[in-house]
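See below for the structure under consideration.
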Amino acid sequence: GLSTQPVWRKLWDDVMKTRPPNSENITCWRKKFLETFFSNVLHGVLDVSSDWRLNDHHFSPLLHSSPHVSQLTLCNMLQGAVELTAEHNQKVLENLAGSLRILKFQHLLSSDQSIRRSLVLLLHRLIHHGSVSQVSMCSWPVPDTVLLILILSMSAGFWRSGNALAYHSRPCGLCREQDKAQSQESAQERAERERSDGENQNGSPSVLEEATVEVTGHGADAHLNSVLSGPRSPLRNQACEEASSRVPCDHTSIQGGPSHSVSHQLSCHPVLRKTRQPLKCALGKKRRCLRRSRGPYADPEDLYDFVFTVGREDNSGLLDNKNSTTEGESTEIWTSSSSGSPCSGHTGCKKRGGSAGIFSLKAAHRFRSVSTLELFSIPLTGATCRTLSNLLSSWVSLESLVLSYNGLGTNIFCILSGLRALSRHSDCHLRVVRLSDVFSHVPCMELVCCVLSAFPQLHTLSVSFDLKNQLEGNRPEGNPRCSEVEIPESCLEQLEIRFPREPLHTTFLLPVLKASKSLQQLSLDSATLPCSQELGLLLEALKECNPNLKKLSFHDVNLAEHQKEVLLLLQDPVLQEITFSFCRLFESSTSEFLSEIINTVKRNSSLKSLKLPGNRLGNHRLVALADIFSEDSSSCLCQLDVSSNCIKPDGLLEFTKKLEGHIQQRGGQIQFTHLRLFQNWLDQDAETAQEALRRLKAVCSVVNDSWDSSQAFADYISVM
């Protein structure tokens, strides 16, 4: 029954010899220590020989701590992946497969083939046969396209060992066990199907079987065995034909099967081969001979040459013949194509910036995929966006997608087409989408409408841009403006919009609000109000369309001239949390306005949280806010945020004394539990500040920081 937290905290000081970041938020020092210990040993940051307790050849630091690791970050040249896939760390990898939930990649660099092979084995074990549910990549200014697409594809559950896409000389043991069971089941199903076909067609082979024999030169049995010989991971899109007629990016379904592309197979046909260019035929024959001579597994050293060369050679042939495939047969896209891309319906997706292999595959087993994908500060080219779009189109397990500062530009519509195709899957789980970038290619409200029209099942949508693109009028053809997009009834519960200093027009927001009857949280950031009536129109729209709205937030929106609307919001009987962050509430107000705010909050029993950071409250307004908790108040306010409000230690102490007086008058009956004090001038009198904080912590939970107020004047001037 005794807590071991102090022991682990001391171990941290003894072994790590560093101050842990955000130590006040650490709830379990045992987990924090073991996770950090594992990471530091893996990356060579911690030398175990320097501590006598760890310098024991019978003790394996990685093996001992691996069962406690739920989050792991791989950096730079992926040395950690090489170490974890080494033969002597097999048990460590097995432990991670059961414990690891979050896998992060940070500051990656280009890597050689052996490192990529190790990464493939690691991802296959941790994602396809493990418990990793989230993959995050960040800070990759010049990404290696092959490496990026490899991580994305395997995160989506797509991997094929053997044949042209082999990464190692032997298939995975877990895959062999699964394939053995599947082979037995498939053999039984095939036998039953053959008996059924024999009865219905008097023993004649099906059209599909004839075509398979004629094109590949192998019998149906050999073809089926090749399908089942190694693990397959298709990317299915059952609504491919429907999507191709409705969305700009024509997504084809991705399923498992042999490694030859459709056009490659057709090039073997004595009749169809004549339509191909002589050079392409020669290249194709040469590669086919090489592949046959190597046996079932390709040499890993020429894998990527193969992938990209096949894309250049075969894409046009594939797309020319894709409409002739039989029902139930579809194409598999390993990466985006250099020409004739499935995502080529608009100018944003027509750039030929990349190439890759496209393979015709039949239905087979698909591996497990992650539920959360996050890409931070990684530039995505048109080719990479097409690949991601195709992966998204059938990524039914995906629950959360975060694309932040990826320089999408017009490629945003390619991503939307993938989401639109995904939304047609009945078993789709995607509920959270967050998009942020420096420049907005289209107005924020237009993008919000496009996203919701493409994916009405979303529960959370966040759209954020820093600056307005002066060339945003040059949008791709075929993508209608906001007023032309029809938004179906959505499941949206949380909407966050950061405008790049764009005017907030309620007219454009109204269709979104009407379609989102379940909306509970709305956040509007950095918007300008074009006229004095605009905020009033917004409040009327919210009251009419969103009766369940619980949280409303304004950040960096000038509300100095909208005192009436501010008071209306504070007396709303439904809202539970209101945020006015850096909204200049008291810039041109009188003392009567502050009194009206206090009296309004005192009468509102539904408001639980009031956040007023960055509104220049100062000492005297903070002291006045203590009256919210007076004896005659019916307020149930639990949280108050007064961060960045030029509060000094003497003002905080006076607020504390007044609050203590109100609590005493009410017999200690008060619901106030949290006070946030970040970035205030509490360092000007450390002794007074410590006394105020000590007395406050006896009343509520106080969250503050050690902030250097010498920068406050510069910050103040910058806001002015």
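The values are calculated or read from the model by the stated rules, or taken from the named source; none is laboratory data. The model shown is predicted, which means the values in this text are computed figures rather than measured ones. Every residue, glycine as well, gets a Cβ built from its backbone with ideal geometry; the counts of neighbours run over all protein chains shown. Quick note on the areas: whole protein, heavy atoms, side chains included, nothing else; ligands and nucleic acids left out. Shrake-Rupley method; radii C 1.70, N 1.55, O 1.52, S 1.80 Å.
Residues of region 94-112 that are assigned to a helix (DSSP H, G or I) and open to solvent by 10 Å² or more (accessible area, probe 1.4 Å): Glu94, Asn95, Gly98, Ser99. Scanning region 503-515 for residues that are without any contact (Cβ under 8 Å) to a residue 60 or more places away in the chain and touching a strand residue (DSSP E or B) at 6+ places or on another chain (Cβ under 9 Å) gives Pro503, Leu504, Leu513.
Report whether or not Arg9 is part of a loop (DSSP other than H, G, I, E, B) and over 30 Å from Arg125 (Cα atoms). In short, no. Quick one: count up the residues across region 58-73 that are open to solvent by 70 Å² or more (accessible area, probe 1.4 Å) and outside any helix (DSSP H, G or I). Of the residues in region 58-73, 2 are open to solvent by 70 Å² or more (accessible area, probe 1.4 Å) and outside any helix (DSSP H, G or I).
Total residues in region 383-418 satisfying the condition of being open to solvent by 10 Å² or more (accessible area, probe 1.4 Å), outside any loop (DSSP other than H, G, I, E, B) and over 20 Å from Met154 (Cα atoms): the figure is 5. Every listed requirement among (1) more than 21 Å from Ser589 (Cβ to Cβ); (2) surrounded by fewer than 21 Cβ atoms within 10 Å (Cβ to Cβ); (3) among the hydrophobic types (A, V, I, L, M, F, W, C) is met by Ala624 save one, (1).
Could you tell me whether Asn55 is in a helix (DSSP H, G or I) and on the phi < 0 side of the Ramachandran plot? No; evaluated as a whole, the condition is false for this residue.
Residue by residue, here is whether (1) open to solvent by 30 Å² or more (accessible area, probe 1.4 Å); (2) among the charged types (D, E, K, R) holds:
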{"site": "Val557", "(1), (2)": "no, no"}
{"site": "Val574", "(1), (2)": "yes, no"}
{"site": "Glu587", "(1), (2)": "yes, yes"}
{"site": "Ser605", "(1), (2)": "yes, no"}
{"site": "Lys608", "(1), (2)": "yes, yes"}
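Can you tell me how many residues in region 676-694 are open to solvent by less than 60 Å² (accessible area, probe 1.4 Å), farther than 17 Å from Gln639 by Cα and either assigned to a helix (DSSP H, G or I) or free of Cβ contacts under 8 Å to residues at least 12 places away in the same chain (or both)? Counting residues in region 676-694 that are open to solvent by less than 60 Å² (accessible area, probe 1.4 Å), farther than 17 Å from Gln639 by Cα and either assigned to a helix (DSSP H, G or I) or free of Cβ contacts under 8 Å to residues at least 12 places away in the same chain (or both) gives 4. Summed over region 390-408, the residues that are at pLDDT below 95 and of a type in the set (S, T, N, Q) give a count of 3.
The combined condition, being of a type in the set (Gly, Ala, Ser) and either without any contact (Cβ under 8 Å) to a residue 12 or more places away in the chain or open to solvent by 50 Å² or more (accessible area, probe 1.4 Å) (or both), is fulfilled by Ser3.
So which residues in region 628-649 are farther than 18 Å from Leu677 by Cα and open to solvent by 30 Å² or more (accessible area, probe 1.4 Å)? If the condition is that a residue be farther than 18 Å from Leu677 by Cα and open to solvent by 30 Å² or more (accessible area, probe 1.4 Å), then Glu631, Asp632, Ser634 are the ones that fit. Does Leu510 satisfy the condition of being open to solvent by 20 Å² or more (accessible area, probe 1.4 Å), more than 25 Å from the chain's Cα centre (by Cα) and at pLDDT 85 or above? It is true that Leu510 is open to solvent by 20 Å² or more (accessible area, probe 1.4 Å), more than 25 Å from the chain's Cα centre (by Cα) and at pLDDT 85 or above.
Within region 543-559, if we keep just the residues that are within 22 Å of Ile628 (Cβ to Cβ) and of a type in the set (A, V, I, L, M), the residue that is modelled with the highest pLDDT turns out to be Leu552. Can Val146 be described as among the β-branched types (Val, Ile, Thr), in contact (Cβ under 8 Å) with a residue 24 or more places away in the chain, in a loop (DSSP other than H, G, I, E, B) and in the same structural domain as Leu391 (by the TED database)? Spelling it out, it is not the case that Val146 is among the β-branched types (Val, Ile, Thr), in contact (Cβ under 8 Å) with a residue 24 or more places away in the chain, in a loop (DSSP other than H, G, I, E, B) and in the same structural domain as Leu391 (by the TED database). For region 573-584, name all the residues that are in contact with a helix residue (DSSP H, G or I) (Cβ under 8 Å, 6 or more places away or on another chain) and either at pLDDT below 95 or more than 14 Å from Leu637 (Cα to Cα) (or both). Phe580, Phe582 - these are the residues of region 573-584 that are in contact with a helix residue (DSSP H, G or I) (Cβ under 8 Å, 6 or more places away or on another chain) and either at pLDDT below 95 or more than 14 Å from Leu637 (Cα to Cα) (or both). Of Ile115, Ile127, which residue is surrounded by 22 or more Cβ atoms within 10 Å (Cβ to Cβ) and more than 15 Å from the chain's Cα centre (by Cα)? Answer to the check: Ile127.
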